[in-house]
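These notes are about the structure you will find just below.
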Amino acid sequence: MAQNVTVNGRVNKPEALIRLMVCDDLLNMHETAIAETYSNEQGYFILEGEVERIMPAAIYVGLESVDFVVSPGASYDVGVVVPDPDPSLSYFEQPQPTLRVKSATDKGRYRELVLSEMIIDDYVLNYFDQIYHRRQSRYLDSIRTTIDRELHVTDPYVLQANKYKIASIQMALNADGGKKVIQEYYDGKPVLYDCLPYMDLFKDLFKNYTLTKEFAARNPELADMVNIYQLRSLYYEDYQSRSWVKSQLQSISKQSKSKATKALVANTLERFDRFAQGADAPDFTLENANGSNVKLSDYKNSMIVLQFVDGISNTVAHQFQALDELHHQWQDSVQIITVSTKDQIALHQRRFKEHRYDWPLLNLGNDILLLERYQVRTFPEYFIILPETKIGMAPAPSPDQTLGKHVTRLYK
């Protein structure tokens, strides 16, 4: 039965979109929003949603996020700090948002998770050579003893999380390809779908694991998850096998009696189809430099190269130059559309004027969820959209790489 979860918080971003997302499928990292609001002028916000079980979660401020764990019936008082972007750093070097949980009514669960992780990380950092080079297993016992002495953990969820965090270190110590860890921590054990350390270790252990009939008979749900995970990898690695992969996944779902297995298959297939060639591209309505509304569907009769941009760097400038060269080659046969973030639109408007780029430049404005609908993870990002606004390639290579070749391939 679902119970209420309340998060009272403050963020250093006033009037920002705030969402509470739970990860209901750690294999596919599938997230579902259970609460949404905006911070007020002082940055305060309240999120209220429902969960049926303890779940990994995240608090999103716009598209930035901090990891969290929510418990049914609990309330939390939190502070979130989202650093301003540093233009001197790359996308991957930017400082990360931070979360501080000031108080919680979850029986100390989140606190124990955080403190346990700090103890484990400190041991790994301080005794890295002894653990990973000399393979001295006594340090694993020291980690367990320290957690027991300092935290007195009794919560089953925290105990399981710590168990599999330590197991990931043990795998490196054993140096046997994970055989002992699989035998001790997975074979004949319950599948912990909502335990992030369990699932992270699972992905390392079973990526190339060969299932035997005996193992599958002892662990039917685990075997199904192994097959789903490996089939998902094959789908992306071998284009020719995609139809077969889908049929195999559908067969697993049909034969399984597990709701969790069926959900994993459904999420995997949905992920395949979302940006598969021929799928509907997410439509949008954004303003151009004149303040007029422009829709993606306005260009439904054309092939489109859709570009998402944020700031300007040498790399971005070089890609714009390459894109302009392609634009002159394509002429009217391919429509380019550039979408700029709200904070950088004035910069790009000046750049378009200086370099006489004559394709549409649109302002993302407050529609930041459009980036999520296209799963934009970095800037610049490119997509090829076919006529009738169908996905051609998502994401596509940059114009200074092989974008032109793929446009030509799809145009034919």
- Residue-averaged 222 nm ellipticity for the chain, from DSSP H runs of 4+ at -39500 (n - 2.57), nearest 500: -12500 deg cm²/dmol
- Note on the structure: Of the convex hull drawn through the C-alpha atoms of region 285-411, the volume per residue in Å³ is 99 Å³
- Hydrodynamic radius by Kirkwood, which averages 1/r over all alpha carbon pairs of region 299-374, in angstrom: 13.1 Å
- Message: Can you list residues from other chains, or at least 5 along the same chain, whose modelled amide H is less than 5 Å from the amide H of Ala57?
- Response: Cys23, Phe68, Val69, Val70
- Any idea what % of Cα-Cα pairs in region 207-274 are farther than 19 Å? 29 percent
- Query: If all Cα-Cα distances of region 339-405 are sorted into 5 Å bins from 0 onward, what percent lands in each bin, rounded to whole numbers?
  - Reply: 3, 14, 19, 24, 24, 13, 2
- Note on the structure: With Rh as the Kirkwood radius over Cα pairs, region 107-185 has Rg/Rh of 0.98
- Task: Please report, to two decimal places, log10 I(q)/I(0) for region 241-340 at q = 0.10, 0.18, 0.21, 0.25 Å⁻¹ as given by the Debye formula with identical point scatterers on the Cα atoms and no solvent.
- Result: -0.51, -0.94, -1.10, -1.33
- Item | Considering only region 285-411, percent of DSSP beta bridges that pair antiparallel, nearest 5 | 55 percent
- Message: Test of the criteria: in region 227-281, which trypsin sites (Lys or Arg not before Pro) are in a DSSP loop and have at most 12 other Cβ atoms within 10 angstrom of their Cβ?
- Response: Lys257
- Taking the mean number of other Cβ atoms within 10 Å as a proxy for protection, how do you rank 384-391, 308-315, 159-166 from highest to lowest? 159-166, 384-391, 308-315
- Expressed in angstrom and ordered largest first, the alpha-carbon extents of region 3-104 along the principal axes are 44, 35, 20
- Ellipsoid equivalent to region 33-159 - semi-axes via the Cα gyration tensor, in Å: 31, 23, 11
- Item | Counted charge near Ser39, where neighbours are those whose Cβ lies closer than 10 Å (Asp, Glu -1; Lys, Arg +1) | 0
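Bear in mind that the values in this text are calculations on the coordinates, not laboratory data. All figures in this text were calculated on a predicted structure; none of them were measured in a lab. Because the Cβ atoms are built from the backbone with ideal geometry, glycine has one as well, and the counts that use them run over all protein chains shown.
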